[in-house]
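S.K.: I have a structure I would like to understand better, so I am pasting it below and will then ask my questions one at a time.
The values are calculated or read from the model by the stated rules, or taken from the named source; none is laboratory data. Not measured: the values here are computed from a predicted model. A quick note on method: Cβ atoms are made from the backbone with ideal geometry, for glycine too, and the neighbour counts reach across all protein chains shown. Just the protein is used for accessible areas: all its heavy atoms, side chains included, with ligands, DNA and RNA removed. Shrake-Rupley method; radii C 1.70, N 1.55, O 1.52, S 1.80 Å.
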Amino acid sequence: MSWIKRFSWLVYSKIENGALCKFCVLFSNSDTGKGSHEKTKSFVSQPFKKWKNAIEKFNDHENCQYHKLSKERAEYFLSVNYRKQKSVIEVLNSEQASQASENRKKLYSIVETIILCGRLEMSLRGKNDSGYINVDKEGETGGEFRELLKFRVKAGDEILKKHLTEGSLNAQFTCAKIQNQLINICSDIISEKSS
């Protein structure tokens, strides 16, 4: 019992008639070491039964790398289980939800501008309707859609300004192909609501 109190990871199995590491049994890989070329044995896949040098073997096991990793995994598992921290999946899901929300905010101004052009029966495209939209440059003939986006930025749309000035060029959502896709989506929604 003194060994079990001293080494918190140590458990005794009556069935196996030997000692095991509760962390490594549950959380270690079957292969360990550099290049995963070593098989786990004592305390993991086989119970420890040679009691002569037990303390020395316990210390060796406690200091081995795969035990430390298994202990970390066990602590992480318990902290997630007791809601002390979020799981990796929860973190990824919340990050994905945050990214989706941010993208919706970026698209809002673009879609509203396309809808305005449709209501006013304005053409979207002009002579120079591709590439980067320079929100600070006056007099570019980029078509009504691009000019209205610049107007929205000047009127104080900070989300759109940040998107157009700092966003990557291949994710501006302003090219002719994306405009057509957004028009088709708007058309589908209007048709759905009408029926």
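S.K.: Between a residue in the stretch 7-24 that is over 22 Å from residue 73 (Cβ atoms) and any residue that is open to solvent by 90 Å² or more (accessible area, probe 1.4 Å) and not hydroxyl-bearing (Ser, Thr, Tyr), which pairs come within a Cβ distance under 6 Å, given they are 6 or more apart or on different chains?
M.R.: 18/49
S.K.: If you check residue 178 against the conditions, is it among the aliphatic types (A, V, I, L, M) and surrounded by fewer than 16 Cβ atoms within 10 Å (Cβ to Cβ)?
M.R.: Here the answer is yes, as residue 178 does meet what is asked.
S.K.: Further, regarding this structure: Among the listed residues 41, 22, which satisfies the condition of being open to solvent by 70 Å² or more (accessible area, probe 1.4 Å), of a type outside the set (S, T, N, Q) and either modelled with pLDDT under 80 or in contact with a His (Cβ under 7 Å, 6 or more places away or on another chain) (or both)?
M.R.: 41
S.K.: Quick one: which residue in 148, 160, 164 is of a type outside the set (Phe, Trp, Tyr), open to solvent by less than 70 Å² (accessible area, probe 1.4 Å) and within 14 Å of residue 117 (Cβ to Cβ)?
M.R.: 148
S.K.: Please go through the stretch 56-76 and pick out each residue that is open to solvent by less than 60 Å² (accessible area, probe 1.4 Å) and closer than 9 Å to residue 27 by Cβ.
M.R.: Result: 70, 74.
S.K.: Which of the residues belonging to the stretch 102-124 are in a helix (DSSP H, G or I) and surrounded by fewer than 10 Cβ atoms within 10 Å (Cβ to Cβ)?
M.R.: Across the stretch 102-124, the qualifying residue is only 119.
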